[in-house]
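One structure is given here, and the rest of the page talks about it.
The values are calculated or read from the model by the stated rules, or taken from the named source; none is laboratory data. Just so it is clear, the structure is predicted and the values come from calculations on it, not from any experiment. Protein only, heavy atoms only, side chains kept; ligands, DNA and RNA dropped before computing areas. Shrake-Rupley method; radii C 1.70, N 1.55, O 1.52, S 1.80 Å.
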Amino acid sequence: MIAAAQATDVAPPSNVLAQVASLLRSGDVQTALVLSEAALETDEGRGPVADDRKVDAERTIASPPLDTLSFVERRAMGGGYNYWANVPPAASYTEDCEIGQRLAEEFIQFIGAYHNYGNATLLGSIIVDMEKNGAGRGHKIGFLNTINKYAMGGAYLKHATELEPEHPWQKCRQLGRALADALKATGEDQFAYVAPAESGSPAIFFGHLDYSPFTQAPLDQAQDFSAIFYDLVNLVELAEASLDILREMDYTRADGTRNTELDRVSGLQNILCSNLGRLRESAAVLDGPTAWVPARSV
């Protein structure tokens, strides 16, 4: 069965419906909501099209022969297809259900990739031939229950006209859990501190769990790292003062040649001042009333 018009897309579009249904089946309702909301926004962003026939032509996708499906074969006599062929009974009802489920997943993947008008009636032909060719009860239950789960996902998308946007705090918690898992995967005792946007600080600070600003402990065990920050401030000022002195020196020797060694020292000092300045900005998180305490003391 081949559709009349050729596809305009090089590759089949992703099957959002199948992804949403799979997420709902696994119980991940929140992710399914986000995915379905994104799909609706994409549809709304396409805008009106003047000619519906042009839209139909663009969305018509060429389908390969139906016997691409493992359970469909072309009839030797009379033409057409046998839509439930070469599916022998298994040793048990459970195994029959698993076979039906697997073939339904194959069917869903096929119509998701080649969602044209011809394949829109394919399910009915399969059901008729399942009865005609003596499909087992397990085959029917496994196949149709799987189709039903995907249909539930489609029905949800059809009737979900107003999806509640994700609350910023909910998004922060999800990102926080993902960051925590990533830090755990490093195998080291690390923590991360995320600074709000436009705070003037680097977006994320990383540190060692031995000293965490989030741990409660007696004040006599707390570590105040403000002194480190101010030591860096003094060090930056010292380095910049030395650079000023170097800039005021005469770089010409008595014989009129350039003092290249002094040039090199001045260049290195300039690099040192730049790096110390960045280090001072990063260490600003150590300044303030926060008491850092060893996590192992709790």
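A few remarks follow.
- Summarising the amide proton neighbourhood of PHE191: residues at separation of 5 or more, or on other chains, whose placed amide H is nearer than 5 Å comprise GLY207, HIS208, LEU209.
- The overall shape of segment 140-191 is oblate: from the C-alpha gyration tensor, with semi-axes ordered a ≥ b ≥ c, the ratio a/c is 1.5 or greater and a/b is no larger than b/c.
- For TYR81, the amide hydrogen comes within under 5 Å of the amide hydrogens of ARG75, counting only partners 5 or more places away or on other chains and with H modelled in the peptide plane.
- Full extension of the chain between ALA178 and LEU272 yields a length gain of 30.2 nm, computed as 0.36 nm times the residue separation minus the alpha carbon distance.
- Per residue, segment 79-154 exposes an accessible area of 51 Å² to a 1.4 Å probe, with every protein chain left in place.
- Cα gyration tensor shape of segment 80-188, rounded if a/c is under 1.5, else prolate or oblate by comparing a/b with b/c: prolate
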